[in-house]
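**Q** This is the structure, below, for whatever I ask next.
The values are calculated or read from the model by the stated rules, or taken from the named source; none is laboratory data. Here the structure is a predicted model, which means the values were calculated and not measured. Using ideal geometry, Cβ is built from the backbone for each residue, glycine included, and neighbour counts are taken over all protein chains shown. Surface accessibility is based on the protein's heavy atoms, side chains included, excluding ligands, DNA and RNA. Shrake-Rupley method; radii C 1.70, N 1.55, O 1.52, S 1.80 Å.
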Amino acid sequence: QMVEFKGNVVVVGDVHIGAEIFAEGNIVILGQLKGRAFAGTSGNEKAFVAALKLTPALMSIAGTFARSAENEPNFPDVAKLVDGNIYVEPYIPTKFEY
């Protein structure tokens, strides 16, 4: 399966190995990411990839590539581009409250 979209993509469920998602915006997966996710395909460096379990076969944000770590996360993660590198951090719901 392949999904290609000019905006943000939200998947309700898992993205299995062999599946690919291409989005010019963000990718949010309400499940486990095991396939490939390519966010910010138009060069959008502010794009991010988020999943309940972020274990991609391959992930890209604005042309920068990364693979998942060996350990499996027990919490939702957000991957974003910082200074040309992809960083993964836990999703903290209260982080953006004012």
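**Q** What value in Å³ per residue do you get for the convex hull of the alpha-carbon atoms in segment 44-98? Please list the in-between numbers first.
**A** On the way: hull volume 4.5 nm³, N = 55.
That works out to 83 Å³ per residue.
**Q** Which cross-chain or sequence-distant (5 or more) residues have an amide H under 5 Å from the amide H of VAL28, H modelled 1.01 Å from N in plane?
**A** The list, which skips near neighbours in sequence, is VAL9, VAL10, VAL11, ALA50.
**Q** A follow-up question, please. Counting Lys and Arg as +1 and Asp and Glu as -1, each charge on the Cβ, what is the dipole of the chain about the Cα centre in debye, to the nearest 20? Don't jump to the answer; show the numbers that get you there.
**A** Details: 8 positive and 11 negative charges, 18 e Å.
Charge dipole of the chain: 80 debye, to the nearest 20.
**Q** Of all accessible surface on segment 29-90 at a 1.4 Å probe, what whole percent is carbon and sulfur? Spell out each step's value before the answer.
**A** Numbers: 1630 of 3350 Å².
C and S fraction of accessible area: 49 percent.
**Q** On to the next question. Could you point to the label whose value was computed as Cα extents along the principal axes in Å for the structure here, given [x] 35, 26, 24; [y] 47, 31, 21; [z] 39, 33, 27?
**A** Correct label is [x].
**Q** Still on this structure: How large is the accessible surface per residue of segment 5-98, computed with a 1.4 Å probe and reported in Å² as a whole number?
**A** On the way: 5700 Å² over 94 residues.
Heavy-atom accessible area per residue stands at 61 Å².
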